Amino acid sequence: MVYTDRIANQIASLTDSDKLPFRQKQKLRKYGLYVLVTVTCLLFMFPVYWMIVASIQPYDAIIQNPTWVPLDVLSQVTIGSYVQIFVNRAFDRWYFNSIVVAIIAIIVTVAASTLAGYGLTRVEFRGRKTFARLILFSYMFPPILLAFPQYQIWQQIGWLNTYHGIAIAHIALSLPFGMWMMWKFFQTVPIAYEEAAWMNGASRFHSFKDVAIPMAKPGMVAVAIFTFAVSWNDFTMATILLPNQSMQTLPPAVQTFTEQNTVYWGQIMAASVLMSIPPFLLVYKLQESILEGFRTGGL
Amino acid sequence: MTIGPALALMILAAFLPVIWALNLSFHEASALSPSWTWVGMENYVSLMESQSYWNAFKRSLIFGFGSVGLQLVVGVGVALMLSREFRGVILARAMIFLPYLIPTVVVALVFRLMLNGSYGILNVFLMDLGLINTPVNWLSNSDLAMISLIVLNSWKFAIFITIMVLAKLQSIPQQYYEAATMNGAGPLRKFRDVTFPQIKGVILLVLLLRGIWMFNKFDIIWVTTGGGPGDETATLPVYIYETAFLNFNLGTAGAIAGTLFVFLGFGAIIYFAGFSPAEEVGR
């Protein structure tokens with residue numbers, strides 16, 4: 001009886017981590033954490049893996065017997081889908097459109113929000129709180145709410161199927177965040193530096209250009225990235241405001257790779273891969289300044 | 001004034017369209033003819049009586065707050081995990097942040113392929129593991145479509161919450177945890193008494209802003225299911241799109257937009273009352 005009790009106790013002490021010696025407990029926790037991290041990483045990575053796999057598999061392999069086993073995937077690699085989207089479809093044209101629209105949106109948003117942020121921080125005026133609320137309220141406007149009336153207005157003034165038309169629509173989404181960000185950012189830039197510049201005879205314009213702007217750079221980079229993300233991602237507005245296929249940006253164009261009942265998944269995934277690359281390059285290059293910017297920006 | 005350009009752009013691209021839509025909502029207007037007829041509140045009255053409007057409203061609520069709920073649980077969980085120091089944490093962060101960089105349309109398309117009922121890899125995978133015997137139609141089964149949509153939507157957007165919460169977690173002074181350990185607090189107590197009070201603000205903000213955002217999400221739903229099967233995933237934004245661009249009924253679309261606007265207004269009031277964001281920049 002005593003003997004079995006002792007065994008039971010030993011078993012209990014093995015399973016109950018509270019009774020394990022400290023070092024073993026730490027070890028068990030560490031392995032547990034690693035298992036959890038690995039599973040989470042796999043879950044988050046799998047769709048990305050699958051996108052790449054489907055882009056380099058022959059059409060029949062995707063539709064008939066798809067396999068997730070890496071070795072089987074490697075046995076039938078083809079770049080056919082990548083070739084087809086350039087040869088059979090106007091992929092380069094849509095890519096170009098997307099880039100042009102994003103660049104216009106970035107330049108205008110960064111310029112307008114830097115100017116506005118500076119003015120809001122440095123110049124006293126009545127109704128500043130109301131203005132702050134108005135900015136944040138417009139930050140909530142969903143694309144569909146704006147795009148549906150924009151379609152009719154743009155139609156009247158001939159802005160449908162134009163770069164500036166879609167870029168300005170994107171700016172409506174990115175500018176509230178941009179202004180807010182720069183407003184908060186300029187508050188962290190001490191006015192003393194500018195005052196010192198004024199003492200030395202610099203004009204307001206010069207102190208803005210040579211003192212304030214360089215210090216606000218991380219904020220501007222964050223606004224630029226945010227605007228890029230908005231523009232590059234936008235499907236809703238592009239679908240509505242760019243009905244002409246040759247003017248379309250990538251998001252609405254990519255999903256049209258279908259014919260009657262055939263969906264060209266390989267081509268769609270090849271386009272998806274190429275479309276996902278710019279955001280990666282940008283973010284990993286600028287990781288530090290983004291984090292810095294977003295920490296100050298709050299939102 | 002230096003806010004001039006920004007203000008002009010906002011008026012042209014945001015405020016004017018909103019006013020335009022509200023004005024439309026009081027008219028009988030079709031995209032097929034240029035003439036508008038004033039009808040007062042009629043569009044709103046018929047919307048309030050329309051069952052399909054309320055169904056779409058309900059679906060928006062389910063999609064919006066279902067998504068945010070799931071995103072909060074996953075997002076905060078992942079953030080807590082990634083806030084630990086361990087070897088390879090940088091790599092793990094990079095891998096987990098990856099989905100957030102994938103364009104929304106791409107997310108929708110990849111999941112449409114993965115969840116396909118006849119050749120989707122998820123079914124192949126689950127059948128290989130012996131978890132299911134017959135393929136499941138994740139997106140065309142009316143009981144599953146909304147849930148699948150919420151899950152795939154959260155795959156991308158949970159990371160946003162992770163990023164926000166992680167930034168906040170890293171700003172919590174380590175001494176707090178040391179003091180808690182000294183006083184004999186276990187991991188759960190530490191979360192409840194040290195971590196949670198610090199991230200509560202971010203969580204509330206995210207819940208409200210993201211909730212409204214997801215409520216209004218159009219792209220991921222439209223590309224993944226097109227509102228189907230039937231109308232199972234047709235939320236309010238899908239309803240606006242169909243009314244304006246497939247049925248050409250601009251007046252009604254305007255009225256739906258008007259109700260969305262009222263909803264946004266309520267959100268804004270709670271937001272301003274609860275978080276006083278204007279104070280932050282009012283200095």
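Below are the figures for this structure:
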quantity	calculated
Packing-based ranking, highest mean first, of A:67-78, A:34-45 given that Cβ atoms within 10 Å are counted	A:34-45, A:67-78
Dipole magnitude of chain B about its Cα centre (Cβ charges: Lys, Arg +1; Asp, Glu -1), debye to nearest 20	1000
Cβ neighbours within 10 Å from other chains - mean over A:88-94	0
Cα-based convex hull volume of segment A:87-297 per residue, rounded to whole Å³	148
Convex hull volume of segment A:202-294 per residue (C-alpha atoms, cubic angstrom)	137
Per-residue mean of C-beta atoms belonging to partner chains within 10 Å, peptide A:127-140	6
Distance between segment B:1-65 and segment A:86-110 - C-alpha centres, whole angstrom	29
Trypsin sites (Lys or Arg not before Pro) restricted to segment A:95-196 and DSSP loop, no more than 13 other C-beta within 10 Å	A:R126
Anisotropy class of segment B:88-210 from Cα gyration tensor, a/c 1.5 cut	prolate
Phi-based couplings in Hz for segment A:145-157 (Karplus 6.51, -1.76, 1.60; Gly and Pro marked x)	5, 7, 5, 5, x, 4, 4, 6, 5, 4, 4, 5, 9
Quotient of C-alpha Rg and 2.2 N^0.38 Å, computed over the protein assembly as shown	1.06
Degrees, to the nearest 10: B:16-25 long Cα axis against longest axis of chain B	60
Selection from A:Q156, A:A229, A:P279 lying farthest towards where the dipole of segment A:87-297 points positive, charges on Cβ	A:Q156
Filter on A:K184/B:K200; A:K30/B:K168; A:K27/B:K190; A:K217/B:K190 - keep pairs with C-alpha separation over 32 Å	A:K217/B:K190
Charge dipole magnitude, Cβ of K and R +1, D and E -1 - the protein assembly as shown, Cα centre, debye nearest 20	1760
Dipole of chain B, positive direction: furthest Cα of B:I221, B:G77, B:V194, with charges on the beta-carbon	B:V194
DSSP-loop trypsin sites (Lys or Arg not before Pro) across segment B:50-157, with at most 16 other Cβ within 10 angstrom	B:R84, B:R87
Cα-centre dipole for segment A:140-299 with unit charges at Cβ (Lys and Arg positive, Asp and Glu negative), debye to 20	120
Amide proton proximity set for B:E28, modelled H, under 5 Å, gap of 5+	B:T37, B:W38, B:V39
Cα gyration tensor shape for segment A:77-209, rounded if a/c is under 1.5, else prolate or oblate	prolate
Sparsely packed GluC sites (Glu not before Pro) within segment B:178-283, loop by DSSP, other Cβ within 10 Å at most 12	none
Three-way shape label, segment B:6-73, alpha-carbon gyration tensor, a/c 1.5	oblate
Range of Cα positions in chain B per principal axis (Å), largest first	74, 63, 34
Distant alpha-carbon pairs in segment B:164-258 (separation over 21 angstrom), percent	56
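No lab work stands behind these numbers, since they all come straight from the coordinates. Quick caveat: nothing in here was measured; it's all calculated off a predicted structure. Quick reminder, even Gly has a Cβ in these numbers, built from the backbone with ideal geometry, and neighbours come from all protein chains shown.
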